[in-house]
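Sharing a structure here in C-alpha cells format.
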Amino acid sequence: MTALEYRDAIRRLGISVETAAKLQGIPEITSRKRARGAAKVPPEAAVLLRLMLALRISPQQVAEHIANSD
C-alpha cells in the first residue's frame, strides 16, 4: 500500500490519521509518517484497512472488538 492509498483508505473510512493509528495500535507519528510516505505501510496494516473498506467494517466495530478482546 502506498502513502496515497493509505491516505485514501483513511479518508474513505472517514477517520483521522490519529484514529487510524489507534486502530492499528501504533503511535500517531508512525501513522503520519505512513500517510506522507516517510514510512512503509506494512502488509498487516494494509490488510486491515482494505478489509474494513471491502467488508464495510466501521472503525467503531474494530474498536469494540479490540476492547472486548482483553
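Please give the number of the condition Leu53 fails out of (1) of a type in the set (A, V, I, L, M, F, W, C); (2) closer than 22 Å to Ala67 by Cα; (3) outside any helix (DSSP H, G or I).
Leu53 satisfies every listed condition except (3).
Would you pick out the residues in segment 26-62 that are within 9 Å of the chain's Cα centre (by Cα) and among the polar types (S, T, N, Q)?
Ser31
Take the residues in segment 51-70 that are over 18 Å from Glu5 (Cβ atoms) and among the hydrophobic types (A, V, I, L, M, F, W, C); name whichever of them is surrounded by the fewest Cβ atoms within 10 Å (Cβ to Cβ).
Top of the filtered list is Ala67.
Within segment 1-50, can you find the residues that are surrounded by 14 or more Cβ atoms within 10 Å (Cβ to Cβ), among the polar types (S, T, N, Q) and not in a helix (DSSP H, G or I)?
Ser16
Which condition breaks for Leu23 when tested against (1) at pLDDT 95 or above; (2) under 11 Å from the mean Cα position of the chain (by Cα)?
(1)
I'd like the full set of residues that are farther than 20 Å from Thr2 by Cβ and among the basic types (Lys, Arg), limited to segment 12-50.
Lys22, the sole residue that qualifies.
The values are calculated or read from the model by the stated rules, or taken from the named source; none is laboratory data. Fair warning: this is a prediction, and the values are worked out from it, not measured in the lab. Every residue, glycine among them, receives a Cβ derived from its backbone with ideal geometry; neighbour counts consider all protein chains shown.
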